[in-house]
Amino acid sequence: MIISVHSFRGGTGKSNTTANLSTVLAMSGKRVGVVDTDIHSPGIHVLFGLQEGDVVHSLNDYLWGKCNIEDAAIDVSPRLGRKISGQIFLIPSSMKASDIARVLREGYDVGLLNDGYQRLIEELKLDVLMIDTHPGLNEETLLSIAISDALVLIMRPDSQDYQGTAVTVEVAKKLDVPHMLLVVNKAPPIWNPNDVKARVERTFNCPVAAVLPHSDEMMTLASEGIFVIRYPNHPMTALYQQIAGMLNV
């Protein structure tokens with residue numbers, strides 16, 4: 001199963017959501033692959049405790065023909081700080097400034113991504129492949145959305161996100177994505193989540209998997225670890241589990 005996690009704008013908490021959903025699925029015994037296709041501004045590796053020196057090969061190397069994509073996969077399960085029954089393999093994008101500059105300057109063959117996704121599923125015997133996309137709509141994100149079995153769209157409850165999400169939902173429907181869920185993130189705690197859920201579902205005619213409130217604990221964690229591991233009994237963790245359950249993996 002391929003699941004894309006996407007947002008029209010940056011700063012919505014997309015990578016945090018991807019990392020936490022991946023961890024919830026792996027804790028249930030799944031073999032999960034996570035691909036960071038936000039090549040221009042990679043970041044999900046930080047959540048899994050990876051430094052530049054830990055990465056021998058990256059997604060960039062695969063796209064430039066330097067290695068097979070499975071060679072870039074890193075088993076990050078031991079870095080979670082808690083033993084889990086499944087596994088998480090992260091395929092990071094390069095953190096090197098020179099590699100990011102090369103991508104911006106030369107681009108890459110987007111078609112290789114589809115081949116790479118299928119090869120990862122086969123070579124690593126994955127139950128789930130999670131794609132952490134680049135914000136907005138471009139050739140790479142359209143490909144990822146088009147080949148996904150499920151799409152999780154992250155949005156914040158503000159006017160700019162409403163407009164951008166509307167465009168993305170329309171595109172996803174035209175691409176016939178089989179299963180689409182919305183997640184409202186960083187909602188002010190004084191707002192009634194049921195009211196927010198009803199308004200968003202009415203606006204986009206799409207189910208809302210969860211309304212995630214602004215969390216001081218999430219802010220304090222500051223991307224240094226996976227929230228559902230650090231705070232297993234927190235209400236936010238229950239919401240991440242709720243989202244994962246709605247993905248029907």
Inset, instruction - Could you tell me whether Ile88 is crowded, with 19+ Cβ neighbours inside 10 Å, over 16 Å from the mean Cα position of the chain (by Cα) and not basic (Lys, Arg)? - result: no
Legend entry - Matching option when the condition is of a type in the set (A, V, I, L, M), free of Cβ contacts under 8 Å to residues at least 40 places away in the same chain and in contact with a His (Cβ under 8 Å, 6 or more places away or on another chain), among Ala187, Ala238, Ala166, Ala172: Ala187
Inset, instruction - Collect the residues in region 26-47 that are at pLDDT 85 or above and either of a type in the set (Asp, Glu) or within 13 Å of the chain's Cα centre (by Cα) (or both), keeping them in residue-number order. - result: Val32, Gly33, Val34, Val35, Asp36, Thr37, Ile44, His45, Leu47
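Yes/no per residue for (1) of a type in the set (Ser, Thr, Tyr); (2) at pLDDT 90 or above; (3) surrounded by fewer than 19 Cβ atoms within 10 Å (Cβ to Cβ); (4) at positive phi:
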| position | (1), (2), (3), (4) |
| --- | --- |
| Pro135 | no, no, no, no |
| Asn138 | no, no, yes, no |
| Met155 | no, yes, no, no |
| Phe204 | no, yes, no, no |
Legend entry - Hits in region 11-57 - residues which are in contact (Cβ under 8 Å) with a residue 40 or more places away in the chain, part of a helix (DSSP H, G or I) and not polar (S, T, N, Q): Lys14, Ala19, Leu21, Val24, Leu25, Ala26, Met27, Ile44, His45, Val46, Leu47, Glu52
Inset, instruction - Check Asn138, Asn68, Asn60 and return the single one that is free of Cβ contacts under 8 Å to residues at least 40 places away in the same chain and not aromatic (Phe, Trp, Tyr). - result: Asn138
Inset, instruction - Give region 100-135 a look and list any residue that's acidic (Asp, Glu) and either without any contact (Cβ under 8 Å) to a residue 24 or more places away in the chain or more than 17 Å from His40 (Cα to Cα) (or both), or say none. - result: Glu106, Asp115, Glu122, Glu123, Asp127
Legend entry - helices (runs of 4 or more DSSP H) enclosed by region 70-146 - at least 2 residues per element that are of a type in the set (Val, Ile, Thr): 97-106, 139-146
Inset, instruction - Please work out if Leu181 is farther than 22 Å from Val55 by Cα, at pLDDT 90 or above, outside any helix (DSSP H, G or I) and in contact with a Leu (Cβ under 6 Å, 6 or more places away or on another chain). - result: no
Inset, instruction - Please specify each residue of region 207-222 satisfying the condition of being farther than 21 Å from Leu47 by Cα and buried (at least 18 other Cβ atoms within 10 Å of the Cβ). - result: Val208, Ala209, Ala210, Val211
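The values are calculated or read from the model by the stated rules, or taken from the named source; none is laboratory data. Keep in mind the model is a prediction, meaning the values are calculated, not measured. When we count neighbours, we look across all protein chains shown, and the Cβ atoms used for this are built from the backbone with ideal geometry, even at glycine.
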